[in-house]
Amino acid sequence: MKFDLSENMEVNFHMDSIGCMNDFCENKSQIILKLRTADLCLSCLQRLDDNGVASGIIMQSLAIFEKIRSQLKFWQGLSRNAKPKKLTITDKGKIQIGELELRLTPLEKTIWVFFLSHPEGIRLAELDEYEMEIFSLYQLMKIRAARENIQKLVDNIDGNFSYNKSRLNKKIRDQIGEPLAHYYCITGIPGEKFSIPLERTFVSMPDDFQVNQA
């Protein structure tokens, strides 16, 4: 389409989402709209034609978009039919999802149980306000728990915490499998609250793991 990125963004992208694959999607939650439509608007198609893009390439691109849309519809249907399994946390910190024991490091367990204890969600920028609560959980998960590990976790949101959260979510997906893992991963949009979407009626854990010392 011969975008000139030195021009204003409005020249190249749709700043307001219309369901075109060239929607800018400043709010990342809008990405789902263009994946559901998986289409190019008439003005973008015209721009491709004006710039001499071969119709075969355009048709191939649209076919790829359509495959994405079909897979998304299938995935969403599958996700709706996948029912969460009961989650049990023992007083020793063992995590059981259905018949499967979830194997995580003490720090990963700490992060996960902390978010599980806050169904209302937590903004990452406010994580340092919960340092004592997180450290209390860490002491339950690890003998001779080092306070500095939690300080690093809450003081370096863009680095240490994000790395640990991503690694934790990957382990959950690897061990449980999709789409069931969706219920148990820490999810959210940057700048807004992160949480674990599992309904708490499926959760059983000791009172010690529900500390609230923020």
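The values are calculated or read from the model by the stated rules, or taken from the named source; none is laboratory data. As the structure is a computational prediction, the values presented were derived from the model and not from experiment. Neighbour counts are summed over all protein chains in view; Cβ atoms, including those assigned to glycine, are modelled from backbone coordinates with ideal geometry. These area figures cover heavy atoms from the full protein model, side chains too; ligands, DNA and RNA do not enter into them. Shrake-Rupley method; radii C 1.70, N 1.55, O 1.52, S 1.80 Å.
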Whether the chain is rounded, prolate or oblate, judged on the alpha carbon gyration tensor where a/c under 1.5 counts as rounded: prolate
Just subtract the alpha-carbon distance of MET1 and ASP174 from 0.36 nm times their residue separation and send over the number in nm, one decimal. 58.4 nm
ASP50 neighbourhood, Cβ < 15 Å, K/R = +1, D/E = -1, net charge 0
May I ask you to give the percent of accessible area on the chain that is carbon plus sulfur, with a probe radius of 1.4 Å? 51 percent
Give the accessible area for ILE89 in Å² (nearest 10); use a 1.4 Å probe, count only protein heavy atoms, and leave out ligands, DNA and RNA. 10 Å²
Report, in order of residue number, the helices in the chain meeting two criteria: a C-alpha extent of 20 Å or more along the helix axis, and a mean Kyte-Doolittle hydropathy of at least -1.0; treat each whole DSSP H run as one helix. 55-81
Under 4.7 Å Cβ to Cβ, no partner at all: give me those cysteines from the chain, in residue order. CYS25, CYS44, CYS185
With contacts defined as alpha carbon pairs under 8 Å and 6 or more residues apart, what's the relative contact order of the stretch 112-214 in percent? 43 percent
What accessible surface, in Å², does a 1.4 Å probe find on THR88, ignoring ligands, DNA and RNA and rounding to the nearest 10? 50 Å²
Among GLN60, GLN30, GLN175, determine the one that fluctuates most according to a GNM of the chain built with springs between C-alpha atoms less than 10 Å apart. GLN60
Before anything else, pin down the relative contact order of the chain: Cα pairs under 8 Å, at least 6 apart, normalised by residue count, whole percent. 20 percent
Name the long-range amide H neighbours of ARG123: under 5 Å, sequence gap of 5 or more, or other chain; modelled H, no Pro or chain starts. PHE194
In whole percent, what relative contact order does the stretch 172-212 give with Cα contacts below 8 Å and a gap of six or more residues? 26 percent
Note to self: with every protein chain in place and a 1.4 Å probe, the chain gives an accessible area per residue in Å² of 59 Å²
Where ILE143, ILE196 fall by accessible area, highest first, once all protein chains stay in place (1.4 Å): ILE143, ILE196
Tally Lys and Arg at +1 and Asp and Glu at -1 over the other residues with C-beta under 11 Å from the C-beta of THR187: what net charge comes out? +1
So which of LYS2/LYS193; LYS67/LYS171; LYS34/LYS170 end up more than 31 Å apart by C-alpha? LYS2/LYS193
Under the helix-only model (-39500 (n - 2.57) for each DSSP H run of 4 or more, divided by the residues of the chain), the mean residue ellipticity at 222 nm, to 500 deg cm²/dmol, is -13500 deg cm²/dmol
Which cross-chain or sequence-distant (5 or more) residues have an amide H under 5 Å from the amide H of HIS14, H modelled 1.01 Å from N in plane? ASP23, PHE24
